[in-house]
Amino acid sequence: MNRLSRRDFLKLAAIAPAALAFSQTIAPSPLGADSPNIIVLVFDAMSADNLSLYGYPRNTSPNFERLAQRSNVFHSHYSAGSFTTSGTASLLTGLYPWTHRAISINGQVAPAFADKNIFALFGNSYDRAGFGQNFLAELLLSEFRSNLDVHLSPASFSVREQMVGSLFEKDTPASYYALDDFLFRSSDSPRSLIFGLIERALFGFRLKSISTVGYSDTIPHTDYKIYYRLEDVFRGLMSELNQFKQPFLAYFHLWSPHAPYIPSQKFEQLFKKDKWNPPKKPNHPLGTQATFQTMQFQRQQYDAYVANVDWEFGQFLDALETSGELDRTFLVVTADHGEMFERGVFGHDSPLMYDPILHIPLLITAPGQKARSDIDSQTNSVDVLPTLLHIAGRELPAWAEGRLLPTFGGVDDNSRATYSMDAKVGSSFGKLSVASLAMRKNGYKLIYYKGYTKTDWFELYNLQEDAEELNDLYNKDVSTSNMMKDELLTAFNQHNGPLQG
Amino acid sequence: MPIKNKLPLLAQVYPVYAIIVILTYGWTIYWALWKLPSWLDFLPLGQIGAIFCYLMATNFIESLLALFGVIILSLILPQKWIRDLFVSRGSVLAATVLVSIMVFEYHFDKPSDYFYKFPLYLPFILLLAGVLAFLAGWIRIIRKAVEVFAENAVVFLFISLPLSLLSIIVVIVRNLI
């Protein structure tokens, strides 16, 4: 072995401080050899506002907190969309909804941007896997199917499922749209007169034999006839991970803790008797006007379910640690959007743009990371794609609307404007006349409700002083309102035209 | 009696099939028209066309299934009961059962309802269908009215059959490529 000469030692000593300084940011990996594995784990409808990790009074996320001890924890991370389609599409393309145009329920990314997805950008030197347990996420993965090496069915790891469209796997998503979302859609009458009757009776028969051991009534399930146990899903994912070729990019989009909230018996009573009450907030005119009691009940169920999901996630985390996977893998834990239980709304099927719907968790653990790092600057789900490309040593595309996240080559910058949007009722192809938008900048949030009533209206909140968004400053802080309004409208109008191919 | 003699003539089958087509395709198309504005908001026309191909192909198969059901009844039951009055009795039988299913499906959507409740309704549906079919053959004016309506409905087959066959080809091709 060569010994260090005195000259070499002095050279090393000179560059040591610089090396230490740069060790705080994650350098991009060289292309090819030794590229890190990446797991993106998305929990559907998981609001950061309901996680004890982010200061929620109920102890809903001890295992997230455990992971946080060795992660980069983003405290002010927001989804670009308020429901699965738009939020997931932004995560996977690095584009805001006004650009990728997956804005309708069941929508897909506009054809012009379909090849600008994370799987395509990683290229085939990575083994790329996608699992969307939520049908809406699966529609997007189907759209990106040619860029996936492993495309897991949404029904994978389920106890019972009856996804008819999967029988025509070469023609998803058309078969999904026609069969699972229309002819045999479970939440409506069957649209196929005879087969619908047979299909539903058969499913009723098959549901009868599901074991509900550990649950009071039924086991967790999605809107699309997929019944599953959380432990099976995590175990299945772990088993899949062991089969991927290295390096891999695995995108796992779980349905839980999306409604219906079905915690196991072990968790369902967890918060039933606590005395905690959230602050009361006035009902919003665009809300569904649910009563406070209803929202409280739903919140308690949701929190118990989140705690249940967190516990199962803890088991998954243990398995990752034991297998040594965490020593060679970037683990990204996030959500597609949040969930709210206030202002007359429970769930997320709402045009409202308050924090519970948009504020989502983001934790990124680098391989072998041992220390916690807290990042307070505002970030957005569109930032995840550029960051992962950077981590994998890929070039950042010029069209990406997100930035590198702080710690991963990016800088703290609260003066940048980030956006969230909901336009479920609009057309993906034309000008949006009805939409709600939120812009965050310098600790403020401006909300713009466009086209819902005769006159558009704005709300402005100072999130640093008024985290509960109770004090609307729009008519009180006129200069900030005008400045942010101009910027938001300029950005929106730039993108709100007929879709360019 | 040879089975051949108990089978209805092709000219008798078309009108009954036309009634079945109106009801099975009509039910799906009715709901699809409600859904169409939403599809137009986010799906390209080609994709919507592909969806309609799946709908037509499904409707085609289930309409044949319903037709076979009526034909099998004609084979099982005495010739005088159905075969001789196939157009009127077959049409009324098929229509009664299909409309009853529509009513059920309109009101229920839980899988457990279909598994537990529908078998309870089924005897009533069959009884009603039997009574109406009997009346349709027995009362001349009703028989004539049903026959005229069913025979005029055959015109829909000129639209549904080519469209369905084309749809099946499209579905097959899309799943082969």
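To keep it simple, each residue is scored yes or no on (1) without any contact (Cβ under 8 Å) to a residue 40 or more places away in the chain; (2) within 9 Å of another protein chain (Cβ to nearest Cβ); (3) open to solvent by less than 50 Å² (accessible area, probe 1.4 Å); (4) among the polar types (S, T, N, Q).
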site	(1), (2), (3), (4)
B:V21	no, no, yes, no
B:W27	no, yes, yes, no
B:W31	yes, yes, yes, no
B:Y54	no, yes, yes, no
B:E62	yes, yes, yes, no
B:P78	yes, no, no, no
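The single condition among (1) within 16 Å of B:F86 (Cβ to Cβ); (2) part of a helix (DSSP H, G or I) that B:G49 does not satisfy is (1).
Here segment B:10-19 is the region considered, the condition is being in contact (Cβ under 8 Å) with a residue 12 or more places away in the chain and not polar (S, T, N, Q), and the residue that is most open to solvent (accessible area, probe 1.4 Å) is B:Y14. Evaluation of B:D41 against the conditions (1) at the interface with chain A (Cβ under 8 Å from one of its Cβ atoms); (2) open to solvent by 10 Å² or more (accessible area, probe 1.4 Å); (3) over 30 Å from A:A89 (Cβ atoms) shows that the sole unmet condition is (3). Out of all the residues in segment A:348-377, which are more than 28 Å from A:N462 (Cβ to Cβ) and among the hydroxyl-bearing types (S, T, Y)? Correct list: A:T365 only. Scanning segment A:352-403 for residues that are among the acidic types (D, E), in contact with a helix residue (DSSP H, G or I) (Cβ under 8 Å, 6 or more places away or on another chain) and open to solvent by less than 30 Å² (accessible area, probe 1.4 Å) turns up just one, A:D355. Answer yes or no as to whether A:A307 is small (G, A, S) and assigned to a helix (DSSP H, G or I). For A:A307, the condition - small (G, A, S) and assigned to a helix (DSSP H, G or I) - is met. The condition (being in a loop (DSSP other than H, G, I, E, B), surrounded by fewer than 22 Cβ atoms within 10 Å (Cβ to Cβ) and in contact with a Gly (Cβ under 6 Å, 6 or more places away or on another chain)) is satisfied by just one residue among A:S428, A:S433: A:S433. Within the option set A:I194, A:I226, being of a type in the set (A, V, I, L, M, F, W, C), crowded, with 21+ Cβ neighbours inside 10 Å and at the interface with chain B (Cβ under 7 Å from one of its Cβ atoms) holds for one residue only, A:I194. Within segment A:272-294, can one find any residue that is within 14 Å of chain B (Cβ to nearest Cβ), in a helix (DSSP H, G or I) and open to solvent by 10 Å² or more (accessible area, probe 1.4 Å)? Scanning segment A:272-294, I find no residue that is within 14 Å of chain B (Cβ to nearest Cβ), in a helix (DSSP H, G or I) and open to solvent by 10 Å² or more (accessible area, probe 1.4 Å), so the answer is no. If the condition is being in contact with a Ser or Thr (Cβ under 8 Å, 6 or more places away or on another chain) and under 15 Å from A:I364 (Cβ atoms), then segment A:384-401 contributes A:V384, A:L385, A:I391, A:A392. Of all residues in segment A:259-304, how many are within 23 Å of the chain's Cα centre (by Cα) and more than 27 Å from A:S187 (Cβ to Cβ)? Qualifying residue count for the region: 0.
Of all the listed residues (A:L388, A:L358, A:L320), the sole one being modelled with pLDDT of 95 or more, more than 27 Å from A:P285 (Cβ to Cβ) and under 16 Å from the mean Cα position of the chain (by Cα) is A:L388. Out of A:F429, A:F346, A:F408, one residue alone is more than 16 Å from the chain's Cα centre (by Cα), of a type in the set (F, W, Y) and under 24 Å from A:W255 (Cα atoms). It is A:F346. Taking segment A:155-191 as the range and being outside any loop (DSSP other than H, G, I, E, B), open to solvent by less than 40 Å² (accessible area, probe 1.4 Å) and either over 26 Å from B:V170 (Cβ atoms) or at the interface with chain B (Cβ under 7 Å from one of its Cβ atoms) (or both) as the test, the residues that pass are A:S158, A:D171, A:A174, A:S175, A:Y177, A:A178, A:L179, A:F182, A:L183.
Residue count for segment A:404-425 under the criterion of being open to solvent by 10 Å² or more (accessible area, probe 1.4 Å), part of a loop (DSSP other than H, G, I, E, B) and more than 14 Å from every other protein chain (Cβ to nearest Cβ): the result is 10. For segment B:65-76, the set of residues classified as without any contact (Cβ under 8 Å) to a residue 24 or more places away in the chain and either more than 8 Å from chain A (Cβ to nearest Cβ) or loosely packed, with under 14 Cβ neighbours inside 10 Å (or both) consists of B:F68, B:I72, B:L73, B:I76, listed by residue number.
The values are calculated or read from the model by the stated rules, or taken from the named source; none is laboratory data. All of these numbers come straight from a predicted model, not from anything done at the bench. Here the Cβ is made from the backbone with ideal geometry for all residues, glycine too, and neighbour counts use every protein chain on show. To get the accessible areas, we keep the full protein, side chains included, count just its heavy atoms, and leave off ligands, DNA and RNA. Shrake-Rupley method; radii C 1.70, N 1.55, O 1.52, S 1.80 Å.
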